[in-house]
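Single-structure report; data block below.
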Amino acid sequence: MFIKGFTYGFDGRRGAYRTEEAALSMERLAMLGGDWAALAFTVHQDTFYSTQIRPDYRFTVTDKDVETAVNQLHSLGLKVCMKPIVNSRDGVWRAHIHFPEREWGDKDYWKEWFSSYTAFLCHYAEIAEETGCEMFCVGCEMLGTEHKEEYWRNAIQAVRSIYHGPIVYNTNHGKELGVKWWDAVDYIGTSAYYGVGKVPGDTMENMKAVWDEKKEKLAELSRQNGGKQIIFMEIGCRSARGCAMMPYDFSHREFPYDEDEQANFYESCFQSMWDEPWFAGFFWWDWYTKLPTREPEMGFSIVGKKTEQIVKHWYAKDRK
């Protein structure tokens, strides 16, 4: 399999997927010439140490919202990977969700959290099955939980009892070797926010050289797992000077606008990864629910930027 994809909808809130703006945004996304969309949305737990995951009915996208987005993306000819994500309402990155390794009093925090997390996954796995989603993602950057192998295997087994398509897990860049249960999923996923720029405004050629180094470790990971393919479940770079050095950055607003740096990041990755047989493609980060109107837009969006044409060029190509 090879995915020419983009992530859609992470900025969505209750009702947002059922608006005219969302429909126009999905139509523009389909015009890239890709064939997949990862529908990403969040449900929260109160703190990084809470054991209950639950919707906030003021903000959380509804089941109807999710179904509408899947159906609209399908109608545009795109396959859908459903990607429900847990975030912590206290602002702590979900990678830091963690609990004591032993019971405290009469409470087993890990057991309680995984019970809630598994129920969360199964709820959306049911919607993915009913709407014909072509892939399901069982987690995103849950680094603090990845060592709980038995719990993860049980959660994935529960999802498989409901959803019958391929399953992927999305770890974070540089942490791929820490997951000991890749055999339980069908694809290895990672957020490939590798810093391939060495200086602000670095060249495409220099960035490609770094990608060529990075991919050797990823190829070895695939070999260690019987040739299982690897998907860049998230990858992207803001259109701001210096962001190719830390493409995961979303907070620095003092950097100058730079379309070229974003374009070089995309082009270098395409050139390096495109024909690797162990590589299963991209879900670039990210495509907004409502098309951006501010100029210059210094976020991850590629709409109206040089990078949009780069993506169209590559997505029109076939692999060797």
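All conditions but one from (1) surrounded by 15 or more Cβ atoms within 10 Å (Cβ to Cβ); (2) modelled with pLDDT under 95 apply to Arg102; the one that does not is (1).
Residues in the stretch 21-43: is at least one closer than 22 Å to Phe250 by Cβ, among the aromatic types (Phe, Trp, Tyr) and modelled with pLDDT under 95? No, the stretch 21-43 has no match at all. Scanning the stretch 7-27 for residues being of a type in the set (Lys, Arg) and either without any contact (Cβ under 8 Å) to a residue 12 or more places away in the chain or not in a helix (DSSP H, G or I) (or both) gives a total of 2.
Close Cβ contacts (under 7 Å, 6 or more residues apart or on different chains) running from residues in the stretch 147-172 that are small (Gly, Ala, Ser) to residues that are assigned to a helix (DSSP H, G or I) and surrounded by fewer than 18 Cβ atoms within 10 Å (Cβ to Cβ) comprise Ala158/Cys122. Restricting the first residue to the stretch 275-290 and requiring it to be under 21 Å from Gln224 (Cβ atoms), which pairs with a second residue that is at pLDDT 95 or above and among the hydroxyl-bearing types (Ser, Thr, Tyr) meet a Cβ separation below 7 Å and a spacing of at least six or different chains? As it stands, the answer is Trp278/Ser222; Ala280/Tyr187, since those pairs meet every condition given. Residue count for the stretch 36-90, restricted to those that are of a type in the set (A, V, I, L, M), assigned to a loop (DSSP other than H, G, I, E, B) and closer than 16 Å to Met142 by Cβ: 0.
Every test in (1) in contact with a strand residue (DSSP E or B) (Cβ under 7 Å, 6 or more places away or on another chain); (2) under 21 Å from Phe6 (Cβ atoms) is passed by Tyr257 save one, and that test is (2).
Yes/no matrix, rows are residues, columns are (1) among the aliphatic types (A, V, I, L, M); (2) buried (at least 20 other Cβ atoms within 10 Å of the Cβ); (3) touching a Gly at 6+ places or on another chain (Cβ under 6 Å):
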| residue | (1), (2), (3) |
| --- | --- |
| Gly12 | no, yes, no |
| Met31 | yes, no, no |
| Phe48 | no, no, no |
| Leu76 | yes, no, no |
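Of all residues in the stretch 243-270, those satisfying the criterion of being free of Cβ contacts under 8 Å to residues at least 24 places away in the same chain and either of a type in the set (Asp, Glu) or touching a Leu at 6+ places or on another chain (Cβ under 9 Å) (or both) are Asp249, Glu254.
Assessment of the stretch 111-123 against the conditions (closer than 18 Å to Phe41 by Cβ, part of a loop (DSSP other than H, G, I, E, B), in contact with a strand residue (DSSP E or B) (Cβ under 8 Å, 6 or more places away or on another chain) and not hydrophobic (A, V, I, L, M, F, W, C)) yields no matching residue. If the condition is being touching a helix residue (DSSP H, G or I) at 6+ places or on another chain (Cβ under 8 Å) and either closer than 15 Å to Arg94 by Cβ or of a type in the set (A, V, I, L, M, F, W, C) (or both), then the stretch 117-127 contributes Tyr117, Leu121, Cys122, Ala125, Ile127. Restricting attention to the stretch 5-64, the residues being in contact with a Cys (Cβ under 7 Å, 6 or more places away or on another chain) and either of a type in the set (D, E, K, R) or farther than 30 Å from Phe270 by Cβ (or both) number 0.
The values are calculated or read from the model by the stated rules, or taken from the named source; none is laboratory data. All values derive from a computational prediction rather than experimental measurement. Every residue, glycine among them, receives a Cβ derived from its backbone with ideal geometry; neighbour counts consider all protein chains shown.
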